[in-house]
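Before any comments, here is the structure.
The values are calculated or read from the model by the stated rules, or taken from the named source; none is laboratory data. Computed from a prediction, not measured in an experiment: that's the story for all the values here. Note: ideal-geometry Cβ built from the backbone for every residue, glycine included; neighbour counts use all protein chains shown. Side chains included, ligands, DNA and RNA excluded: accessible areas come from the protein's heavy atoms. Shrake-Rupley method; radii C 1.70, N 1.55, O 1.52, S 1.80 Å.
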Amino acid sequence: MPDATLPSHPGERLGLPATGPGSIGRFGRRLGALAIDLACAALIGYAFFHHVDAVTGMPVADPLATNIVFALVQIVFIPTIGGSPGHRLVGLRLVRVQGGWVGLWRPIVRTALLFLIVPALIWDADQRGLHDKAAGTALVRT
């Protein structure tokens, strides 16, 4: 007999469906969105903020500029279009768990914790990283 305290699917405790629109975004989609966002930030960093590597003599993107571009994309696009361009391209949307607009501070907190990497790798039973839990958000399918 299954334990009644364990959720049957990620997001059940949040009132989200098991599959389809509104369900918790799974790891593959989240990883794809992150890869898209990082690649775009790296391309912008290379195009506008590159320098010549002293060892190889090849032009490379400035890592600080690339990280700043990544952070700005997260902070600007999450409250305006409901997610980063990567999220939207893979069919995800960032929502506030309690409903309503995500606001301005949640993307800042979420992005700052995302830069620490570890909070994004620790999940709860609803497959939300600590960065999403701290911000009161969840990535759901559109």
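Quick look at the numbers
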quantity	calculated
Label-to-label distance, nm, for residues given as Met58 and Trp105 (7 Å Cα→Cβ offset)	4.4
Probe 1.4 Å, accessible area per residue of the chain, Å²	57
Carbon + sulfur, % of accessible area of the stretch 21-120 - ligands and nucleic acids excluded, 1.4 Å	75
Candidates Leu130, Leu14, Leu94: whichever shows maximal mean-square fluctuation once the chain is modelled as a Gaussian network with Cα springs under 10 Å	Leu14
Ordering of 32-40, 5-13 by packing [mean C-beta count within 10 Å, highest first]	32-40, 5-13
